[in-house]
Amino acid sequence: MLNDIVTKRKGDFSDGAHTELRCQKNLKRSVAFLSGNLTANSRSESEGVCARVYKDGVYGFSSMAEVSDSAADSVLKAASDNADFMARHAGKGRGELPPIFAEPVMTQYDLYDPEQKLYIDFARELDSYIAEKYPALSGRGIRVYTDCMEKYICTSDGADGHAAVPRSYIYIRLTADTKDGSPVELFEPVGGFGSFSDHFSSPSALFGKVDELYESLMKKREGIYPDAGLKTCILGGCLAGMLSHEAVGHTVEADLVLGGSVAAHSLNRQVASPLITMVDFAHTFEGAPVPLPVYIDDEGVPAGDEVLIRDGILTGYMNSRETAQRFGMVPRGNARAYSFSDEPLIRMRNTAILPGKSTLEEMIASVDDGYYFTDTNNGQADTTGEFMFGICMGYEIKNGKLGRALLDTTISGVAFEMLKTVDMVSDTMTWASSGFCGKKQPMPVGMGGPALRCKVTVGGR
């Protein structure tokens, strides 16, 4: 149905203005148990059609919560009328966008969407295992979550694409009390791209993950607070991914560059150690799919990798068609919208630092007195590149060996300064895709990286 609405209008856009037509369906499924009690049980779907028209440097946009021929006709006319109005009153005199011609991109994915009872039964059995095996825990939580964005798009350039981005995750949270009665917890997402059945065959297949998480929690329960100050640290791959996305990635989104981000005056300058190369991957890394593959964006641009930092030098920005024209760059498929009622924004896809040549064992052995941070539970940064990440798991390093586990702390710094201190990069890659980026619209994203040895400010207790 979505495809029928779009394909019959290929080549049927009026007056030569750049035009985009998109039909989209979003779905979410969620079940949550908290200490044995079912606390969330929801299914939601939304679908609709939207159009966007570009004239004289401005866009007109229209959307409708209906997928039909009449809805498509209506939004195309309204978007054109809105573009005419905007061009008369706020036109920027930039002319038309350069055309982008591409072969059709049709991803094939059959989404398996089971009844809600399957999710409930799965979560309940997993929760029961935790309750029976680890009765001394002070709290436990299980959440089953799946979502999917499916889109069909065509443009006046002739672009024609289908995209499906399904994700399925189970989030496991365990809580225990220290000897003084203070709670400590650990959290583990399991899953990735695809339908629920692609990742989860039975609850028993996850029992090993639960056991590993419990063992880590018991180590943390006996842990210590790190000393505050500027320290030599090893950041695990998930922290390198968070750094790539939050502290660097947003600063090199071209709309934020135009808004005055730190990257506005850093192009072609050294912003990191020569060991650092950072890429926003479209769909493939080393011959395998990245966590959330994107083959075409919502402006009809074929997706390609965007190299952001090469050997420590800032080499590019992530662009829409419009900002690419402004900066004299090539758009590579970074304009994405979360819902049919949203206009595309410049968004990251799968942003990562590339692996290096050191082993993690070599990196740990090189540290006389420092810390190895393995997991984060939150992070924030601004367009200056200044960041602060919460650390929920890590270990002290003494004389080149791992020591006691760490209690919750923070790390902070300025990304383009901290990255200059990186002097070792591991040869392994860690990917994550369990969360959302919250730039105006939620958006599922992937992020990744190797372990990094660097200097970073530790918050201590």
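Numbers for the structure displayed
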| read-out | value |
| --- | --- |
| Every residue from the range 213-261 that is open to solvent by 10 Å² or more (accessible area, probe 1.4 Å) and part of a loop (DSSP other than H, G, I, E, B) | Glu222, Gly223, Tyr225, Asp227, Ala228, Gly259, Gly260 |
| Members of the range 262-282 that are surrounded by 14 or more Cβ atoms within 10 Å (Cβ to Cβ), in a loop (DSSP other than H, G, I, E, B) and free of Cβ contacts under 8 Å to residues at least 60 places away in the same chain | Leu267 |
| Residue within the range 297-307 that is over 29 Å from Gly95 (Cα atoms), in a loop (DSSP other than H, G, I, E, B) and open to solvent by less than 20 Å² (accessible area, probe 1.4 Å) present | no |
| Members of the range 121-170 that are part of a loop (DSSP other than H, G, I, E, B) and either crowded, with 20+ Cβ neighbours inside 10 Å or not small (Gly, Ala, Ser) (or both) | Tyr134, Pro135, Leu137, Ser156, Asp157, Ala159 |
| Contacts under 6 angstrom Cβ, first residue in the range 103-119 being at pLDDT below 95, partner among the hydroxyl-bearing types (Ser, Thr, Tyr) and open to solvent by less than 100 Å² (accessible area, probe 1.4 Å), 6 or more apart | Val105/Tyr295; Thr107/Tyr295; Leu111/Ser195; Tyr112/Ser195; Tyr112/Ser197 |
| Any hit, the range 148-163, residues being among the basic types (Lys, Arg) and either closer than 26 Å to Pro442 by Cα or under 19 Å from the mean Cα position of the chain (by Cα) (or both) | yes |
| Count - residues of the range 380-392 that are open to solvent by 10 Å² or more (accessible area, probe 1.4 Å), small (Gly, Ala, Ser) and under 16 Å from Gly236 (Cα atoms) | 0 |
| Only one of Ala352, Ala324 that is over 21 Å from the mean Cα position of the chain (by Cα) and open to solvent by less than 10 Å² (accessible area, probe 1.4 Å) | Ala324 |
| Counted residues, the range 87-118 - those being part of a helix (DSSP H, G or I) and under 24 Å from Arg43 (Cα atoms) | 3 |
| Any strands (runs of 3 or more DSSP E) falling wholly within the range 1-64 and containing at least 2 residues that are among the basic types (Lys, Arg) and modelled with pLDDT of 95 or more | 18-34, 37-55 |
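One line per residue, one yes/no per condition, for (1) without any contact (Cβ under 8 Å) to a residue 24 or more places away in the chain; (2) in contact with a Cys (Cβ under 6 Å, 6 or more places away or on another chain); (3) part of a strand (DSSP E or B); (4) buried (at least 20 other Cβ atoms within 10 Å of the Cβ):
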residue: Tyr372; (1), (2), (3), (4): no, no, yes, yes
residue: Asp375; (1), (2), (3), (4): no, yes, yes, no
residue: Asn378; (1), (2), (3), (4): yes, no, yes, no
residue: Gly394; (1), (2), (3), (4): no, no, yes, yes
residue: Ser412; (1), (2), (3), (4): no, no, yes, no
residue: Leu419; (1), (2), (3), (4): no, no, no, yes
residue: Val425; (1), (2), (3), (4): no, no, yes, yes
residue: Thr428; (1), (2), (3), (4): no, no, no, no
residue: Val456; (1), (2), (3), (4): no, yes, yes, yes
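The values are calculated or read from the model by the stated rules, or taken from the named source; none is laboratory data. All values derive from a computational prediction rather than experimental measurement. All Cβ positions, even for glycine, are placed from backbone atoms using ideal geometry, and neighbour counts span all protein chains on display. In case anyone asks, the SASA skips ligands and DNA or RNA and just uses the protein heavy atoms, side chains included. Shrake-Rupley method; radii C 1.70, N 1.55, O 1.52, S 1.80 Å.
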